[in-house]
Amino acid sequence: MKILAIETSCDETSAAIVENGAKILSNVVSSSVKIHAKIGGIIPEIAAREQLKAIIPVIKKAFASAHLKPTDIDAVAVTSGPGLIGSLLIGVETAKTLAYVWNKPLIPVNHLKAHIYANWLGKDSPTFPNVALLVSGGHTDLILMKTYGKFKWLGGTKDDAAGEAFDKIARLLNLGYPGGPMIAKAAESGDKNTYPLPRPMINSPDLDFSFSGLKTAVLNKVKLLTETKPFSPTQTSNLAAATQAAVVDVLVSKTIHAAKKYKVKEILLAGGVAANKLLRKEMAERFEGKVLAPPVNLCTDNAAIVAACAYFNYQPKPWQKIKADPSLHF
Ligand code: KG4
Ligand code: ZN
């Protein structure tokens, strides 16, 4: 079965054609991140306008690079939420129109679940039960996955998401947007022990997270260091390394805690922050079971993960019933 999937939840416009939920025939991603980078964060109206410009060329390119035509596909899938309403609407309304005109089944997909299904697009397929750590710009969630489509939410962030913490701290350090990759890069030449940072909630018995205190700790450090003279590149790298070490330590400790509590032998990483090399390395080193992570280019937003989720949860709906839902949850 070949599924055309469309993803427009935030600042990426993507279309992919995937066979049987695992073989990517094409996966085209166009991003407006460079426009947002100049401002230092996402402006929803600009993101939506860019989605509208990109959507048709991106879908055409997905067909062209797979050497397929609309009659070759079996179904259309689309991210229906969560995300920015203006961005979501572009993908949802386009998918509804195409499914109607081509007379194909239409499958709405939850973006959060799609991130987890990115793990089915790697070399090694996941097994059940597993604990998934979903870490993105908007989410930090621990989920127990019992089988396809069976998710139990175990805990999440009480304030900032892990990616959001990286993005906000990167802004404090003048490292640019998106913050995660910038902090990871600056951390390469830094010493994580020069400015020790707190690990919020690391030993709490629940499976929740909190990252806003970490941001405040970095802010206080920055204020202190810049009182007398401007920030040096070494100080920036050291603070980036300390930030990355603190976030990764909390994420790894809590995820292993969840895996032990629910007696599972497999951990799945998902979401944009799962691209982080230190997170992947420390989770694999510290967990006694198996750790899977999607290929790095499939961690951030793309439509192939939407197609994988649609294939393993094949539940088409009449187009009239499909609506963009910005606050859709697990
Ligand atoms: O999943 P995603 O593309 O979009 C959302 O659904 O939110 O995640 C984007 C987030 C951003 O906060 C970005 O800073 C973070 O993922 N990110 C990373 C890395 N690459 C992206 N964080 C840490 N290390 C990375 N290499
Ligand atoms: Zn995402």
Residue count, region 140-187 (criterion: among the charged types (D, E, K, R) and in contact with a strand residue (DSSP E or B) (Cβ under 9 Å, 6 or more places away or on another chain))
8
Confirm whether Glu93 is open to solvent by 10 Å² or more (accessible area, probe 1.4 Å), acidic (Asp, Glu) and within 21 Å of the chain's Cα centre (by Cα).
no
From Thr140, Thr127, Thr194, residue being at pLDDT 95 or above, under 19 Å from Leu269 (Cα atoms) and either open to solvent by 40 Å² or more (accessible area, probe 1.4 Å) or away from ligand 1 (no atom under 16 Å from the Cβ) (or both):
Thr127
Would you confirm whether or not region 64-72 contains a residue that is under 18 Å from Leu106 (Cβ atoms) and buried (at least 20 other Cβ atoms within 10 Å of the Cβ)?
no
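Filter the strands (runs of 3 or more DSSP E) completely within region 66-146 down to those with at least 2 residues that are within 18 Å of Gln51 (Cα to Cα) and within 16 Å of ligand 2 (Cβ to nearest atom).
It comes to 75-81.
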Within region 254-274, track down each residue that is open to solvent by 30 Å² or more (accessible area, probe 1.4 Å) and in a helix (DSSP H, G or I).
His257, Lys260, Lys261
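If I ask for residues that are crowded, with 24+ Cβ neighbours inside 10 Å and more than 14 Å from ligand 2 (Cβ to nearest atom), which ones from region 7-23 would you list?
Ala15, Ala16, Ile17, Val18
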Would you be able to say whether some residue in region 291-309 is assigned to a helix (DSSP H, G or I) and touching a Lys or Arg at 6+ places or on another chain (Cβ under 7 Å)?
yes
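Only one of Thr228, Thr243, Thr236 is open to solvent by 30 Å² or more (accessible area, probe 1.4 Å) and β-branched (Val, Ile, Thr). Can you tell me which?
Matching residue, one of Thr228, Thr243, Thr236: Thr228.
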On the given criteria, is Ala293 closer than 19 Å to Lys146 by Cβ and touching a Gly at 6+ places or on another chain (Cβ under 9 Å)?
no
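The values are calculated or read from the model by the stated rules, or taken from the named source; none is laboratory data. For clarity, every value in this text was computed on a predicted model and none was experimentally measured. Virtual Cβ from ideal backbone geometry, glycine too; neighbours counted across all protein chains shown. Please note that ligands, DNA and RNA were not included when accessible areas were found on the heavy atoms of the full protein model with its side chains. Shrake-Rupley method; radii C 1.70, N 1.55, O 1.52, S 1.80 Å.
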